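The values are calculated or read from the model by the stated rules, or taken from the named source; none is laboratory data. The model shown is predicted, which means the values in this text are computed figures rather than measured ones. Cβ placement follows ideal geometry from the backbone for every residue including glycine, while neighbour counts extend to all protein chains displayed. The area values use the complete protein model at the heavy-atom level, side chains included, leaving out ligands, DNA and RNA. Shrake-Rupley method; radii C 1.70, N 1.55, O 1.52, S 1.80 Å.
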Amino acid sequence: MSRFGALRLLLAVQCLAMAAAANAGAADDPSHQPDALPTTRPRVGLVLSGGGARGAAHVGVLKVLEQLHVPVDAIAGTSMGAVVGGLYASGLSAREIEKIMTSLNWQSAFRDRPPREDLTLRRKQEDQSFLVKFPLGVRGGRIVLPKGLIEGQRLNEILRRLTLPVVRITNFDDLPTRFRAVATDLESGEPVVMESGDLTSAMRASMSAPGIFAPLERQGRVLVDGGIADNVPVDIARRMGVDVLIVVDVGAPLLQRNRLTDVTSISNQMLAILIRRNAERQLATLGARDVLIAPPLGDASSFDFGAVGRVIGIGEAAARADAAQLEQFAVSDAEMQRYEARRDALRRPPPVIRFVKAESGSQEYSDALGKLFADMTGKPLDPDAVARRVSALYGQGGLDTLDYRVVGQESYYGLSIDARPSSMGPNYLRFGLSLQDDFQGNALYDAAMRFVMSDITRNAGEWVTDLQGGTTSLVSTELFLPLAQFSGWFVMPHISDEGRDLFIVQGQTQNLEAEYRVHSFNYGSDFGYQFSNWGELRTGVQREQGHYVLEIGDPTDPSLPVPDHTPFDLQDYFVRFTYDRLDDVNFPHSGQQAMLQWSGNRDTAGIAQTSDQVTMSYLGAYSFGRNTLSFSAAGGMTLQSHITDINLLFPLGGFLNLSGLRAESLLGPDFGIARALYYRQIGRGGLGYFDVPTYLGMSLEMGNVWQSRSVASFGNTQKDASIFLGLDTLLGPLYIATGFDQHGNEAFYLFLGRTF
């Protein structure tokens, strides 16, 4: 070897040694670890189909992929597959998604209104009488139906909170896992692949099942459920540059002939056939290395979100059955740790909010939005605080959606608020129904309608008109006028004409002795202050004029409490404090509600009696699992003695108001009642308005009316009980019940409406 050849060999050896040392140093320094996994392994794409509640099986598949150390490089999802896929793409683990889905109150998530405890007190008061949960809009003199049963307000809020750590990312290729969501353009019917923009709206648009969810406007297009155009987006995942596909198909099977028995099932079958055929064309393109997982969900309902835990388990078992195929894509423990670390590194704390603006189309709300969110600038985004502000404004009504997005760029982010006025409003109708039948010929019934004209003043004033017929007939109108926006102060002039039945029943026999129809005409004004959304102090004065008409009974009978056609003319005053943080007025599970009132009646004609009365009520509920304990009490006393005016007497009797007695069969100037209820939910939660929670329960009741407070005692109270089956229906709470007392009285009830 020449001298120059030896020198070249020596230099080469030194270079190799230096390179080896450098590589060893890089291996010891975590900061020099490669960002991506070795390119020698196949890049895995995950396809998650639509399927409603059946899509919970996707979570089980993801759990198995994580356990087998199979990293996912890209996800394409449709409908519920887009929701699960989007959450995983945002950096959440499969177990975190499982915990979210199994603990989420789906019944609440698929209802637009905020939880009742977050509503304005005005809306809470409206719920007391108007039971039907489905309002109708009024515009241009015609009834307007909603675009969907569910606007998605609550669901939007939940998804925004869950994806907050990646809120700065607008290119879905930059997410912890690359992602695509599929929707359908409602105008053209074409599939729309969402690969950038706002992640939450992409997930929400992809699951907008027509007729159930309202369509979503995104980037100038009206979008509905992606399952219509591409329910198993194999083609979209393949275009993301992956080598192999893992496809999870949870689509519902077609119905058998014996189940195609009505127009609804036949119409659904036609749509299912179109979706299935499109899915089969996509599945036919799978290659030899691709893996298809079809969890055996049978005829599990797409709407039964109460069964997500069971469905996740089925998905997990299906993936384990294909473990041998999936393991060929597995990586080492170290490589999987690097994969998970890279996903975690892209999740960041909430940004500091520098500005708040109203989006295009929301300018009419810009002043209200500015006042509501102004104090949030200069601070890190607090999703709880934003949710409270959104609920405060959305809870007033008049909006289809109230949503927010984080916009801006590095170090300068803000909130863009999207406030969409109701597509049905601003005016709307609400309805109320009430029925009590004891199967012994005694029935009370009422039907009511309320017409609300919203936003008649700059401070969100309302003009409300009520019509009611039945046991109580009513025509009334009122103006609710806040004195300043969000100030709490208000005035409310009102006028009404009312007729109601009043029964005189013999004590233990429960026989009807007389029935009066009490007619009254009232006008006056209230003034008060609302404490946020939980309480109110109100006072008012009104003039009340009317007369008694004897409907059943002998007009010549001297024992009757009031002669036929006796008139009255009163000046009424009251002061009332109300507290309301109850979560539900039909079947409360938590929270409390209370009222304390003084009312004074001053005779102006010298015929009626003068009285001062104090009344109170309390209701509290506590739940553990599906079980609820509720305690309530009410009482009233008349400060004057020897009150005989039946219009001033308190009634008791009827279901949950001494259930063994006929409705309103006891009358007295003083009363008291206490109730303890236990009920258990025996029906699972479903999807929004299709869900009918069902309860089995019992009550213990104790109370009475007294002619004098001095004779009131525990010993002379009525002791009653009831057993009931209750359904929280679209029309209001429906009960089938039996009641009984210690004297052997028994009653059966079909009851629709509020009970206490």
Accessible area, probe 1.4 Å, largest first, for residues TYR394, TYR445 | TYR445, TYR394
Largest first, how would THR539, THR177, THR472 line up by accessible area (1.4 Å probe)?
-> THR539, THR472, THR177
What relative contact order, as a whole-number percentage, does the chain give when Cα pairs under 8 Å and 6 or more residues apart are counted?
-> 11 percent
Helix 3-28 vs. the chain, principal-axis angle (Cα, 0 to 90°, nearest 10) | 10 degrees
In degrees, nearest 10, range 0 to 90: what is the angle between the Cα axis of helix 153-162 and the longest Cα principal axis of the chain?
-> 40 degrees
Overall Cα dimensions of the range 175-322, principal axis frame, Å, largest first | 44, 38, 30
Solvent-accessible surface (1.4 angstrom probe) belonging to TRP598, in square angstrom, nearest 10 | 80 Å²
The range 369-458: relative contact order as a whole-number percent, Cα under 8 Å and 6+ apart | 19 percent
In the neighborhood of ARG517, defined by Cβ-to-Cβ distances under 12 Å, what is the net charge if each Lys or Arg adds +1 and each Asp or Glu adds -1?
-> -4
GLU515, GLU126, reordered so the largest accessible area comes first (probe 1.4 Å) = GLU515, GLU126
How far, in degrees from 0 to 90, does helix 333-345 lean away from the longest principal axis of the Cα atoms of the chain, to the nearest 10?
-> 50 degrees
Report the net charge of residues surrounding PRO296, where surrounding means a beta-carbon distance below 14 angstrom and charges are Lys +1, Arg +1, Asp -1, Glu -1.
-> -1
Please give the per residue accessible area of the chain, computed with a probe of 1.4 Å over protein heavy atoms only, in Å².
-> 45 Å²
On the accessible surface of the range 626-754, probed at 1.4 Å with all protein chains in place, carbon and sulfur together account for a percent value of 66 percent
Solvent-free Debye scattering, log10 I(q)/I(0), computed from the Cα coordinates of the range 500-558 at q = 0.14, 0.24, 0.29 Å⁻¹ = -0.65, -0.96, -1.14
Three-way shape label, the chain, alpha-carbon gyration tensor, a/c 1.5 | prolate
Pick out, in residue order, every one of the GluC sites (Glu not before Pro) in the range 347-445 that is DSSP loop and has at most 12 other C-beta atoms within 10 Å; say none if there are none.
-> GLU410
Taking 233-243, 58-68, 287-297 and ranking on average Cβ neighbours within 10 Å, highest first, one gets 58-68, 233-243, 287-297
